[in-house]
There are 2 protein chains.
Amino acid sequence: MNAEIIAVGSELLLGQIVNTNAKFISKGLAEIGVNVFHHTVVGDNPERLKKSIEIAEQRADLIIFTGGLGPTKDDLTKETIAKHLNTKLVQDDEAMDSIEAYFQRTKRVMTENNKKQALILEGAKVLPNDYGMAPGMLLQQEEQYYMLLPGPPHEMEPMFTHYGILAIQEKMGTIEKIESRVLRFFGIGEAELETRVESILERQSNPTIAPLAANGEVTLRITAKHTSIEEAKKLIDKTEQEILHLVGDYFYGYDETTIMAEVIKQLEKEKLTIACAESLTAGLFQSEMASHSGVSSIFKGGIVCYSNEAKVKLVQVQENTIEQYGAVSRETAIELAENILQLLDSDIGISFTGVAGPDKLENKPAGTVWIGIARKNKPTKTYLLDLASSRNGNRVRTVKYGCYYLLKELV
Amino acid sequence: MNAEIIAVGSELLLGQIVNTNAKFISKGLAEIGVNVFHHTVVGDNPERLKKSIEIAEQRADLIIFTGGLGPTKDDLTKETIAKHLNTKLVQDDEAMDSIEAYFQRTKRVMTENNKKQALILEGAKVLPNDYGMAPGMLLQQEEQYYMLLPGPPHEMEPMFTHYGILAIQEKMGTIEKIESRVLRFFGIGEAELETRVESILERQSNPTIAPLAANGEVTLRITAKHTSIEEAKKLIDKTEQEILHLVGDYFYGYDETTIMAEVIKQLEKEKLTIACAESLTAGLFQSEMASHSGVSSIFKGGIVCYSNEAKVKLVQVQENTIEQYGAVSRETAIELAENILQLLDSDIGISFTGVAGPDKLENKPAGTVWIGIARKNKPTKTYLLDLASSRNGNRVRTVKYGCYYLLKELV
């Protein structure tokens, strides 16, 4: 089965928002062996939407629409598809009930325009909306499938995951399965990694290997096709071993994991607690750590010592350390890491101090960063970074390097 | 001039990454009065790319390609377009020089496959790449324009902003201008806001008004067309006044501003410093504040008191306050805000303590959040939130509510 995803919404064409829905749906479809060959974005314009549908019908069996199911006047997806397919829009009573229930639950007043959301294409299978009002739907006409999903990601994502995928698999029956695995690397550039594994890349057919660089990381997606998912996995295992034999030093994890998630896993495994003192990152490391639920067993908290005043008053860095070496120095990084460990009695203390940019600081160029890692009864280690990204690119990379050095410390 | 943006890359169709490039380019084109009617995403497949080009040629004067200019084997955009247009690929010496310079600058070894990036379409205007190796280009054939841009956003965005926009404007000459302004609202739902301004929405033609809800905020984009940009602005001013007359209470800023940026503006204007104690947000507020350069004059830093231990040891909250009322309580929020103000001698202290979720805490449901705002010589204020989003949705909304209440405090 081949699919095309059509996102409907002028806000996308005006550059107000990013089409994250296409990514989310594509990932889900890849996992069940549906090929996605095109994404299309079209505005809230019935004529252009109709033309886009006609083009998609030429090249896809399954057309998935996102957006335009809402209560407002520019939401026209259902209406346009109904007209194109000569089907009626009928009220779905369950949808109407759940819309009314939604307003009671959220203690808000239901306005007239919300009722429009209970209309569905006649004959369509309804996909319940557990986080909003507009129901989704899947309609079959001969060999062509039309799935309509709401635009807001917090409504669309659970709907697609819990109801959409299953509805598609029902229609598919069994076909060749696609198994896919992403290997994640940090600390090596894309071209260098590719050159190192070139011999493997050159003879790729099944599995295929797709390299990708983003946010200072490189990933290799290994994708194998086979009627048996087990056989597909074996093909991937073999290729993975060959790749890791060549560039395993930079490998840190699989698929959707993050380097922070791997750090948390290791800390939990070794039952070690961590505390943090952040200057240029100003809470980014700790906020990202706390974005994972259940970290309270390993994460104690820390200090955002953005100002030198905070470094001295809160983290008790010696004033003359800052005077003599500067806030951006190995010496300050060491005191920050060792003191935060002491203050919160943690097993590990990590510190970040540097120049985020765009301007120089203490006559040190933007991108100059010191990371300190202190451990109980072990010598404190420091690392110097020389980053070349934007202010926030430098802050994000600093956090990733912190995780990278923590992993080297722990694994 | 009408444009279509074609993003080339199987990683997009596999759901590995989001097409942020289309958003960025669309926004830039809207600002110079170029209509974008379609975005297309197609994989690293010459045949399908060729077909997508043929479709785009039917409906757009300007086709902008992103991706597929890199050094690797699956980068085929230039080659496919050259074949489609019967033009040659020739080496651009300046591009070759800057590629070699790039490798010297970043102290990395140049591999053979990088030379491929210096090839350009014969007769194309080169768009320099200041942050990477692959140059962009703009080629004209009769009345059809083809712009090729690299895929990585940190290379594409500055290239498009500094060279791409100008190259397009040169080709355009003068046409009807589009002026657009976004009004940003917080603390009101989309349907409610729309109902309130329905009378204005109903008679919209020029300017048009596009509502959008995202991350707990609602925006209204007012867009006017006129040969004179001044006249277009007057049309927008008039509509804006009518809208703010009805829902001005929830308005906080224009266009790309964020509620955090508005808080920073006010703090700088009133020369007030701020310090922060964050429990559930764990540094998110401070990290977002520090993502703006030059905040050191108003932002002193603070404490991530994720654990109760950190609340007591670092922020000096009374242990019996936590025992008696819990960490998630008005009383703890007050002590956190007042103590962090004291500790860093700031004018304002803000605190966040609550249940991010998914699990309950102290028998309080996920989404229960207390915000405290302390000021020198003023009574401390507290605010209770009852959020219904995911763990990180709740953390993000908590930070926005903190900003919202700070603005009410300051403006």
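The values are calculated or read from the model by the stated rules, or taken from the named source; none is laboratory data. Not measured: the values here are computed from a predicted model. Don't worry about glycine lacking a Cβ; one is built from the backbone with ideal geometry, like all the others, and counts go over all protein chains shown. Heads up: the accessible areas ignore ligands, DNA and RNA and are worked out on the full protein's heavy atoms, side chains in. Shrake-Rupley method; radii C 1.70, N 1.55, O 1.52, S 1.80 Å.
Can you give me the number of residues within region A:67-81 that are surrounded by fewer than 19 Cβ atoms within 10 Å (Cβ to Cβ) and either at pLDDT 95 or above or more than 14 Å from chain B (Cβ to nearest Cβ) (or both)?
1
Across region B:151-178, what is the number of residues that are outside any loop (DSSP other than H, G, I, E, B) and open to solvent by less than 40 Å² (accessible area, probe 1.4 Å)? Even if it seems obvious, please write down each step before you answer.
The first filter runs over region B:151-178 and keeps only residues outside any loop (DSSP other than H, G, I, E, B), leaving B:153-172, B:177-178.
Filter once more, keeping what is open to solvent by less than 40 Å² (accessible area, probe 1.4 Å): B:155-156, B:158-160, B:164-165, B:167-168, B:172, B:178.
Number satisfying all stated conditions: 11.
Residue by residue, here is whether (1) more than 27 Å from the chain's Cα centre (by Cα); (2) closer than 30 Å to A:Asn113 by Cα holds:
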{"residue": "B:Tyr146", "(1), (2)": "no, no"}
{"residue": "B:Glu157", "(1), (2)": "no, no"}
{"residue": "B:Met172", "(1), (2)": "yes, no"}
{"residue": "B:Val182", "(1), (2)": "no, yes"}
{"residue": "B:Asp237", "(1), (2)": "no, yes"}
{"residue": "B:Gly248", "(1), (2)": "no, yes"}
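Please go through region A:5-30 and give me each residue that is out of contact with any Asp or Glu (no Cβ under 9 Å at 6 or more places or on another chain), outside any helix (DSSP H, G or I) and either among the basic types (Lys, Arg) or more than 7 Å from every other protein chain (Cβ to nearest Cβ) (or both), ordered by number.
A:Ile5, A:Ile6, A:Ala7
If a residue must be open to solvent by 80 Å² or more (accessible area, probe 1.4 Å), within 14 Å of chain B (Cβ to nearest Cβ) and either in contact with a Lys or Arg (Cβ under 9 Å, 6 or more places away or on another chain) or touching a residue at least 12 places away in the same chain (Cβ under 8 Å) (or both), how many such residues does region A:92-131 contain?
Number satisfying all stated conditions: 2.
Sort out for me the helices (runs of 4 or more DSSP H) sitting completely within region A:308-350 that have 1 or more residues that are modelled with pLDDT of 95 or more, more than 13 Å from chain B (Cβ to nearest Cβ) and at positive phi.
Correct list: empty, since no element meets the threshold.
From the set of residues in region A:32-59 that are touching an Asp or Glu at 6+ places or on another chain (Cβ under 6 Å) and either more than 25 Å from A:Arg181 (Cα to Cα) or without any contact (Cβ under 8 Å) to a residue 12 or more places away in the chain (or both), which is most open to solvent (accessible area, probe 1.4 Å)?
A:Asp44
What are the residues in region A:384-402 that are open to solvent by less than 50 Å² (accessible area, probe 1.4 Å) and not basic (Lys, Arg), if any?
Those that are open to solvent by less than 50 Å² (accessible area, probe 1.4 Å) and not basic (Lys, Arg): A:Leu385, A:Leu387, A:Ser389, A:Gly393, A:Asn394, A:Thr398, A:Val399, A:Gly402.
Out of B:Leu14, B:Leu29, I need the residue that is more than 23 Å from B:Arg181 (Cβ to Cβ) and not hydroxyl-bearing (Ser, Thr, Tyr). Which one?
B:Leu14
On the given criteria, is B:Ala191 outside any strand (DSSP E or B), of a type in the set (Gly, Ala, Ser), within 12 Å of chain A (Cβ to nearest Cβ) and without any contact (Cβ under 8 Å) to a residue 40 or more places away in the chain?
So B:Ala191 fits the description; yes.
Name the residue, out of A:Ala224, A:Ala232, A:Ala261, that is among the hydrophobic types (A, V, I, L, M, F, W, C) and either out of contact with any strand residue (DSSP E or B) (no Cβ under 7 Å at 6 or more places or on another chain) or surrounded by fewer than 19 Cβ atoms within 10 Å (Cβ to Cβ) (or both). Walk me through it before giving the result.
Details: A:Ala224 fails: either out of contact with any strand residue (DSSP E or B) (no Cβ under 7 Å at 6 or more places or on another chain) or surrounded by fewer than 19 Cβ atoms within 10 Å (Cβ to Cβ) (or both); A:Ala232 fails: either out of contact with any strand residue (DSSP E or B) (no Cβ under 7 Å at 6 or more places or on another chain) or surrounded by fewer than 19 Cβ atoms within 10 Å (Cβ to Cβ) (or both).
Criteria check complete, one pass: A:Ala261.
Among the listed residues A:Leu85, A:Leu89, A:Leu148, which satisfies the condition of being touching a residue at least 60 places away in the same chain (Cβ under 8 Å), open to solvent by 10 Å² or more (accessible area, probe 1.4 Å) and more than 14 Å from every other protein chain (Cβ to nearest Cβ)?
A:Leu85
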